[in-house]
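Beneath this line is the structure, given in C-alpha cells, with notes to follow.
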Amino acid sequence: MLLRGSSRLNKPATKAVKNDSRTHLRSTKTAPEAWKSQNSRTFAMQAEKLPDLPYDYKDLEPVISAEIMQLHHKKHHQTYVTKLNEALEKYSNAEAKKDVAEMIAIQPQIRFNGGGHVNHSIFWTNLGPPKKTGGGAPTGSVAERINKQWGNFDAFKTAFSNKTVAVQGSGWGWLGYDKAEDRLVIATCANQDPLSTQGLQPLLGIDVWEHAYYLQYKNARADYMTAIWNVVNWSNVEERFKTAKSAK
C-alpha cells in the first residue's frame, strides 16, 4: 500500500543545464524537492505504508495469539516500513547528488527493510482464521501441481516444514513459482531477503524469525510450523499462483 507524497511543493528556482543533448534541472532547493519538480526524468516521492490486516489480531487464535499478532504487525512490520522510508529518502538524496558511494552504502538498508515490508505484506494475506479462510488443504491448480511434484499434500507439508524449520538463525520458508521452468519450488531465504532474490515468484511465505512465535511456542519452532498449517489461506495461494502463471 502506497501513501502519496505531499502535493504542497515549493517551486525551486532552477536553470537548464545541457549535457549530452539532455536537459537537467539544477535546483537551489533540497534534492527531494528537485526530484518532485522534474516530470520527465523522475517520479514523485512516495512513502510506503503499513497495510491493514484482513482480520482482527485475535482471529488466528489459538494458532497465533493476539499478543503476537499485534506486536508482529504494529511493532515489527511498522519498524521495517519506517526504516525503509528513511533509507529510500537517503537514497534519493544521494542519487540526486550523484553520490554513487553513498547509494551503494544505503542499498543493504533498502534490501533488509524493504524485504521485511514485502515479506510481511505477503505473509498477512497468506493467513486466515482457522476453519474459515485458514487451514484445510489446497484445491484447484495449486493442489494439482503439489500432487504432481510431491505425490500428495502430506508429503509436500513434510518437505516444506523440514526445510523451513532448518533455517539457521532468522529467515523465511517459501513456496515459490519458477516461471521459466513452470514448476513450484520450496525455498528458504535468510533474514529478510525477498524470494525475488532467487528469481522466484512468492506464493506462500512462513516467517520463522523468533518474533513470529517465541512468546507462544518458545524455542519450539517445529511446533509452530506444525500449527501454522491450520491458518494457511490456500485461496490466497491459489490466487497468487494464477497471477504468477499469467504474468508476462
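Quick look at the values:
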{"item": "Radius, Kirkwood style, for region 96-176 when every pair of distinct Cα atoms is counted (Å)", "result": "15.9 Å"}
{"item": "Sites A220 and K74, calculated FRET efficiency, Cβ-Cβ separation with R0 41 Å, nearest 0.05", "result": "0.95"}
{"item": "Gain in span if fully extended, A47 to R183, counting 0.36 nm per residue against the direct Cα distance", "result": "45.5 nm"}
{"item": "Anchor K163: aspartates and glutamates whose Cα lies under 20 Å away (excluding residues fewer than 8 positions away in-chain)", "result": "D154, D178, D193, D207, E210, D223"}
{"item": "Listed residue pairs exceeding 19 Å between alpha carbons, taken from K58/K131; K148/K242; K157/K248", "result": "K157/K248"}
{"item": "P(r), alpha carbons of region 163-248 - 10 Å bins starting at zero, rounded %", "result": "17, 47, 29, 7, 0"}
{"item": "Qualifying aspartates and glutamates (Cα of each under 12 Å from Cα of K90; at least 8 residues distant if same chain)", "result": "D99, E102"}
{"item": "Fully extended contour minus Cα-Cα distance, from N162 to K131, at 0.36 nm per residue", "result": "8.7 nm"}
{"item": "Cα-projected label distance for K90 with K245, points at 7 Å along beta-carbon direction, nm", "result": "4.3 nm"}
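Every number in this text was worked out from the coordinates using simple rules, so none of it is lab data. What you see is a predicted model, and the numbers here were worked out from it, not measured in a lab. No Cβ is skipped: glycine too gets one built from the backbone with ideal geometry, and neighbour counts run over all protein chains shown.
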